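*Asks:* Structure provided below as structure tokens; questions to follow.
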There are 2 protein chains.
Amino acid sequence: MQEDQAASDGGGRRRRGRRRGGGDAGSEVRPVVEQRPFRQPKLPFPPTELLSADELESIHAASLEVLKEIGIDFIHDEAKAMLKAAGADVDPNSDRVRFDPAMVEDAIGKAPEAFTLHARNPEHSVRFGEGYLVYCAAASAPNASDLEGGRRPGNREDYRNFLKLGHMFNAVHMWGGYPVEPVDIHPSVRHLEALSDMLTMSDKAIHAYSLGRERICDGMELARIARQVDDETFSREPSVISIINSSSPLRLDTPMLEGMIQLGRRGQPVVLTPFTLAGAMAPVTLAGALVQQNAEALAGLVFAQVNQPGAPFVYGGFTSNVDMKSGAPAFGTPEAMRTSIIGGQLARRYRLPYRSSNVNAANTLDAQAAYESVFSLWGAVMGGVNMLKHGLGWMEGGLHTSFEKFVLDADLLQMVSEFLTPIGVTPDDLALDAMREVGPGGHFFGCAHTQSRYKTAFYNPMISDWRNFESWEEAGRPEAYGTANRIYRDMIAAYEPPAMDPAAREELDAFVRRRTEEGGAPTDF
Amino acid sequence: MQEDQAASDGGGRRRRGRRRGGGDAGSEVRPVVEQRPFRQPKLPFPPTELLSADELESIHAASLEVLKEIGIDFIHDEAKAMLKAAGADVDPNSDRVRFDPAMVEDAIGKAPEAFTLHARNPEHSVRFGEGYLVYCAAASAPNASDLEGGRRPGNREDYRNFLKLGHMFNAVHMWGGYPVEPVDIHPSVRHLEALSDMLTMSDKAIHAYSLGRERICDGMELARIARQVDDETFSREPSVISIINSSSPLRLDTPMLEGMIQLGRRGQPVVLTPFTLAGAMAPVTLAGALVQQNAEALAGLVFAQVNQPGAPFVYGGFTSNVDMKSGAPAFGTPEAMRTSIIGGQLARRYRLPYRSSNVNAANTLDAQAAYESVFSLWGAVMGGVNMLKHGLGWMEGGLHTSFEKFVLDADLLQMVSEFLTPIGVTPDDLALDAMREVGPGGHFFGCAHTQSRYKTAFYNPMISDWRNFESWEEAGRPEAYGTANRIYRDMIAAYEPPAMDPAAREELDAFVRRRTEEGGAPTDF
């Protein structure tokens, strides 16, 4: 995009960063957009409760009944052996494992209520639990999209461009996985290349995928090396997290269980998230889908605590519904808002940090993408979410990550953080002097109280266009999608990599080289 | 719009209504869209509280100090005389009225905590208070807008088309004023023509503007005639409501006070809404803006109760902020979300129904319009709003009402109602039998539990397009704006007026005729 195009597109309001390759290399780098600092917001009020204590207990009790009577398939022989040794009822002729309620209750309370996930830049370490929110970038989409290039299969260039955006936006607290899958890197070494990019192009906390033993072990080593800590410190200071999706209904598969085993042994946290779409992989009633979600999450909790007592564990909720006409998954629905809030109630009942998401099912960045997304945020935030997965960029039910949605979400999430900031009620905030000065019929803009505060009094949005209609028409009727596109282009152009200890970089590169020479990880998972 | 255009635009999913003037007059009229029934949702959980009890008291106490020390200008001699007689400190040389805290405290608790606003169709009467929500259509915009015609000054045809939409959408519980100002009707008779249209083309409850004595008295008579009730019944059964905007800061002007006097005398409710944009007509701090909002609202409450003890009164909150770079009003901001929630706390402290809004500042129906709108809804709903003004169609800070936004908002508000519907937790809802039947690794679509429920299990949106990317591309990449346009066109084409007692219609027409012959209302207000 040319500078003059941006200007003619109404971009005059925004300050521009230095252009990559421009002639003014000596001039100061100015921020592309005004941002709030990197800061985890904290919920300043009790989360909303949709179920009474009795109703919540009925979900819990039904989950225990599912675990005792129906059971869960654990597709992993070592896992079954561990559970059998710990007292579970393991069917010798199948993968089925059933749990006595006492065994489940025994696991509750063993995982920490809160923990810190360490980034290689300590200023970017994040706290899970205690009311704090962690915003994660979108993860795992097979496609990327932007206004000019449209939707295309994920590749390393798009992947790296998302890393640049995520590094620059303070609203990104951590990575929740690969923002887009770089499918042009061979699967045997993709985790090595992609995580090495993530750990060098950004200094925020990371997620590694639980796709078998080698990958997750490599991921942990890469995170440890990037932080330049020894094994003992690494085990004491969680530095990599992984989403464990149950293979709903009522199954945990081999790669996921392998990930849980390896992560737990080194003290790293997992997020057990059942993929319970009501009407498809879970009952069509929301209560039924929640019972199943909860049974799967509790089964994961029991296994995680059998594997490693005290291992950090996050309760994940992802229960939404499908479009019953087409079977398509739906997101940002009134059903998902309610399950998101009730999921939070369940997580708190078990004193676990809670994961939910910022999701939508739109194919383009129109009003639908925005309202489904904010409805998602409404359910997650009021439900007491701690880890907000897919916080930035998620579109189309997860089938593509959009560069423009990423920018728009940075704005939305900053607004959520601002909303969660308590207002001051000091005598100065109550402003009686200002009202005395202005009086009935006056105007506050010129008064001293306003003049000393107006620059920082309100959130200054990146996307919202508040010009009057005539000025907006003159500027070519810009829409949010185009504005976000301009910011994304400018941000990437202004990107500069974070500082990194050369020794860490060298060790990281050597590890990737060695593991690549060894053939990487098996691709038959 | 031609039928074939709609079809090529991806409209195949929607059932179509009978076309106006079509040749198939004998065929059955089918609904244009699937709607939820007319129903007021009720908040099923306690509203969110952002301020502690002590902090809330500091707002209350500061408001009392404003009323005692600075005072409010009442630009109405009769109103001042009434307040003086009731014990207020009225400045003999100006409009300034000051209130002793005891006088304010005395007014609190006199207005009813809840009341019913009666529509001419009793099934459309609405309850204010007791946790119920009332969704009102957008009001008072000087311009209308749609996709084909763009933005144009309000006129009677657009006005009537909004009436048709509002009558047909069950998400519209009542009228909050004229959805667009029909400026092609002469101001002396506009209220007669516009309210007569509203009362005949729809059968929902109405708002009349407080623009001097004649207009509001005509409005009450029209509402009484439409309901065919006598004066005594009309006074006992509120049938028209009016927004009273204070002329912030700290002023109540003549037409508004005249409206309060006349409405109160006939037992009709008012909604006192200060227009307190922080940084412009109110202090730049949110606490300061809330103190001023509260002082103005309490002054209105005192006057309303002096005028007519026990008169129904709604506490209105509309505190938002301005863009400090341009002075433009902003809506759907994190500032407005917080003031909306705290406004609800104040209303409940005074045991009054609470009014807030569904607003945004976007110039077009893009992502901005949607996210600002849902952020507004988030603040209003979680804040315990009872009367949701501008619920459908509001755009551009109130400068235009959009036909497409009206449809989109009908969808959003139905989703809010659905979100507020408690989920069932009966044994049947908990779905243990379904999980027993399906078991680990199965699929729920075919099971009996799903089959008997799938048609009504989930909210079926009007706008959201959940087709997969390929089908959506084939359909021409429809966006929310275009989908809403198609539905709005179809709805208007399918409109049929509600039944009306011919005697009522005749009396209404005769009243309009007589008042028109008398010259209508003065235009020098």
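*Asks:* With the requirement that a residue be open to solvent by 10 Å² or more (accessible area, probe 1.4 Å), assigned to a helix (DSSP H, G or I), more than 13 Å from B:L43 (Cα to Cα) and facing another protein chain (nearest Cβ under 7 Å), what does the range B:417-437 give you?
*Replies:* Hits for the range B:417-437 are B:D429, B:L430, B:L432, B:R436.
*Asks:* Right, next: Quick one: in the range A:323-337, which of the residues that are at the interface with chain B (Cβ under 7 Å from one of its Cβ atoms) and among the hydrophobic types (A, V, I, L, M, F, W, C) is nearest to the chain's Cα centre (by Cα)?
*Replies:* A:M337
*Asks:* Does any residue of the range A:372-383 turn out to be more than 9 Å from every other protein chain (Cβ to nearest Cβ), in a loop (DSSP other than H, G, I, E, B), open to solvent by less than 10 Å² (accessible area, probe 1.4 Å) and farther than 18 Å from A:P461 by Cβ? I'd like the intermediate steps shown before the answer.
*Replies:* Going through the range A:372-383, the residues more than 9 Å from every other protein chain (Cβ to nearest Cβ) turn out to be A:376, A:380, A:383.
Now narrow it down to the ones that are in a loop (DSSP other than H, G, I, E, B): A:383.
Next, from what is left, pick out any that are open to solvent by less than 10 Å² (accessible area, probe 1.4 Å): A:383.
Narrowing the set further to residues that are farther than 18 Å from A:P461 by Cβ leaves A:383.
Yes, the conditions are met somewhere in the range A:372-383.
Okay, residues lined up against (1) among the β-branched types (V, I, T); (2) touching a Phe, Trp or Tyr at 6+ places or on another chain (Cβ under 8 Å):
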site	(1), (2)
B:V438	yes, yes
B:C447	no, no
B:F458	no, no
B:S471	no, no
B:E479	no, no
B:M491	no, yes
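*Asks:* Please verify whether the range A:406-413 includes one or more residues that are closer than 26 Å to A:A194 by Cα and either modelled with pLDDT under 95 or β-branched (V, I, T) (or both). Quick ask: steps written out before the conclusion?
*Replies:* Here is the first cut: in the range A:406-413, the residues closer than 26 Å to A:A194 by Cα are A:406-410, A:413.
Next, only the ones that are either modelled with pLDDT under 95 or β-branched (V, I, T) (or both) stay: A:407.
Yes: one or more hits.
*Asks:* For the range B:442-449, state whether one or more residues are more than 9 Å from chain A (Cβ to nearest Cβ), at pLDDT 95 or above and open to solvent by 20 Å² or more (accessible area, probe 1.4 Å).
*Replies:* Scanning the range B:442-449 turns up at least one residue that is more than 9 Å from chain A (Cβ to nearest Cβ), at pLDDT 95 or above and open to solvent by 20 Å² or more (accessible area, probe 1.4 Å).
*Asks:* Could you go through the range B:489-512 and let me know if any residue there is over 30 Å from B:G219 (Cα atoms), more than 9 Å from every other protein chain (Cβ to nearest Cβ), in contact (Cβ under 8 Å) with a residue 60 or more places away in the chain and touching a strand residue (DSSP E or B) at 6+ places or on another chain (Cβ under 8 Å).
*Replies:* no
To keep it simple, each residue is scored yes or no on (1) out of contact with any Cys (no Cβ under 6 Å at 6 or more places or on another chain); (2) under 24 Å from A:A114 (Cβ atoms); (3) touching a residue at least 12 places away in the same chain (Cβ under 8 Å).
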| position | (1), (2), (3) |
| --- | --- |
| A:V240 | yes, yes, yes |
| A:R251 | yes, no, yes |
| A:T254 | yes, no, yes |
| A:G264 | yes, yes, yes |
| A:A282 | yes, no, yes |
| A:G288 | yes, no, no |
| A:Y315 | yes, yes, yes |
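*Asks:* Do you know which residues across the range B:220-254 are surrounded by fewer than 17 Cβ atoms within 10 Å (Cβ to Cβ) and farther than 29 Å from B:K80 by Cα?
*Replies:* The answer is B:Q228, B:D230, B:T233.
Yes/no per residue for (1) open to solvent by less than 30 Å² (accessible area, probe 1.4 Å); (2) modelled with pLDDT under 95:
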{"position": "A:G12", "(1), (2)": "no, yes"}
{"position": "A:R15", "(1), (2)": "no, yes"}
{"position": "A:G21", "(1), (2)": "no, yes"}
{"position": "A:F45", "(1), (2)": "yes, no"}
{"position": "A:T48", "(1), (2)": "yes, no"}
{"position": "A:S52", "(1), (2)": "no, no"}
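*Asks:* If I filter the range A:183-196 for residues that are under 23 Å from A:N245 (Cα atoms), open to solvent by 10 Å² or more (accessible area, probe 1.4 Å) and basic (K, R), do I get at least one hit?
*Replies:* yes
*Asks:* Give me the residue from the range B:54-79 that is open to solvent by less than 10 Å² (accessible area, probe 1.4 Å) and either among the aromatic types (F, W, Y) or over 19 Å from B:R338 (Cβ atoms) (or both) and, out of that set, farthest from the other protein chains (Cβ to nearest Cβ).
*Replies:* Restricting to residues being open to solvent by less than 10 Å² (accessible area, probe 1.4 Å) and either among the aromatic types (F, W, Y) or over 19 Å from B:R338 (Cβ atoms) (or both), the top hit is B:A79.
*Asks:* Tell me which of these B:R514 doesn't satisfy, since it passes every other one: (1) touching a helix residue (DSSP H, G or I) at 6+ places or on another chain (Cβ under 8 Å); (2) over 30 Å from A:G398 (Cβ atoms).
*Replies:* (1)
*Asks:* Kindly provide the set of residues from the range A:266-299 that are within 20 Å of A:C217 (Cα to Cα) and of a type outside the set (S, T, N, Q), ordered by number.
*Replies:* Answer for the range A:266-299, where residues must be within 20 Å of A:C217 (Cα to Cα) and of a type outside the set (S, T, N, Q): A:R266, A:G267, A:P269, A:V270, A:V271, A:L272.
*Asks:* Would the range B:107-122 turn up any residue that is closer than 24 Å to B:R355 by Cα, in contact with a Pro (Cβ under 6 Å, 6 or more places away or on another chain), open to solvent by 50 Å² or more (accessible area, probe 1.4 Å) and of a type in the set (D, E, K, R)?
*Replies:* Yes, some residue in the range B:107-122 is closer than 24 Å to B:R355 by Cα, in contact with a Pro (Cβ under 6 Å, 6 or more places away or on another chain), open to solvent by 50 Å² or more (accessible area, probe 1.4 Å) and of a type in the set (D, E, K, R).
*Asks:* Look at the range B:384-403 and say how many of its residues are assigned to a helix (DSSP H, G or I), facing chain A (nearest Cβ under 9 Å) and not small (G, A, S). Step through it out loud before you land on a result.
*Replies:* Kept after step one, since they are assigned to a helix (DSSP H, G or I), are these residues of the range B:384-403: B:396-398, B:403.
Narrowing the set further to residues that are facing chain A (nearest Cβ under 9 Å) leaves B:396-397.
Checking the rest, the ones that are also not small (G, A, S) come to B:396.
So the answer is 1.
*Asks:* In addition: Could you count how many residues in the range B:389-398 are open to solvent by less than 20 Å² (accessible area, probe 1.4 Å) and at positive phi?
*Replies:* So the count comes out to 4.
*Asks:* A further question follows. Applying the selection to the range A:460-469, what residues are at the interface with chain B (Cβ under 7 Å from one of its Cβ atoms) and either loosely packed, with under 15 Cβ neighbours inside 10 Å or not charged (D, E, K, R) (or both)?
*Replies:* Once the filter is applied, which keeps residues that are at the interface with chain B (Cβ under 7 Å from one of its Cβ atoms) and either loosely packed, with under 15 Cβ neighbours inside 10 Å or not charged (D, E, K, R) (or both), the range A:460-469 yields A:I463, A:S464, A:W466, A:N468, A:F469.
*Asks:* While we're looking at this one, here's another question. Only one residue in A:A499, A:A484, A:A457, A:A510 is part of a helix (DSSP H, G or I) and open to solvent by 30 Å² or more (accessible area, probe 1.4 Å), so which one is that?
*Replies:* The unique qualifying residue is A:A510.
*Asks:* Let me ask something else. Just give me the residues in the range B:472-490 being touching a Leu at 6+ places or on another chain (Cβ under 9 Å) and over 20 Å from B:G150 (Cβ atoms), in sequence order.
*Replies:* Within the range B:472-490, no residue meets the criteria.
*Asks:* So B:W472 passes all but one of these: (1) hydrophobic (A, V, I, L, M, F, W, C); (2) closer than 29 Å to A:A53 by Cα; (3) open to solvent by less than 10 Å² (accessible area, probe 1.4 Å); (4) at the interface with another protein chain (Cβ under 7 Å from one of its Cβ atoms). Which condition number does it fail?
*Replies:* The single condition B:W472 does not satisfy is (2).
*Asks:* Would a scan of the range B:352-365 turn up a residue that is away from every other protein chain (no Cβ under 14 Å) and in contact with a helix residue (DSSP H, G or I) (Cβ under 6 Å, 6 or more places away or on another chain)?
*Replies:* yes
*Asks:* Inspect the range A:130-146 for any residue being within 24 Å of A:L272 (Cα to Cα), aromatic (F, W, Y) and surrounded by fewer than 22 Cβ atoms within 10 Å (Cβ to Cβ) and give the result as yes or no.
*Replies:* yes
*Asks:* Is it the case that the range B:399-415 has a residue that's buried (at least 24 other Cβ atoms within 10 Å of the Cβ), among the β-branched types (V, I, T) and under 21 Å from B:A114 (Cβ atoms)?
*Replies:* Looking for residues that are buried (at least 24 other Cβ atoms within 10 Å of the Cβ), among the β-branched types (V, I, T) and under 21 Å from B:A114 (Cβ atoms), one finds none in the range B:399-415, hence no.
*Asks:* Something else: Tell me which residues, restricted to the range A:283-315, are open to solvent by 10 Å² or more (accessible area, probe 1.4 Å) and within 19 Å of A:E57 (Cβ to Cβ).
*Replies:* A:T285, A:L286
*Asks:* Condition first: modelled with pLDDT of 95 or more, closer than 18 Å to B:E404 by Cβ and crowded, with 24+ Cβ neighbours inside 10 Å. Can you find one or more residues in the range B:335-357 that meet it?
*Replies:* Looking for residues that are modelled with pLDDT of 95 or more, closer than 18 Å to B:E404 by Cβ and crowded, with 24+ Cβ neighbours inside 10 Å, one finds none in the range B:335-357, hence no.
The values are calculated or read from the model by the stated rules, or taken from the named source; none is laboratory data. The model shown is predicted, which means the values in this text are computed figures rather than measured ones. Neighbour counts run over all protein chains shown; Cβ positions are idealised from the backbone, glycine included. Note: accessible area is taken over every heavy atom of the protein model, side chains too, but ligands, DNA and RNA are not part of it. Shrake-Rupley method; radii C 1.70, N 1.55, O 1.52, S 1.80 Å.
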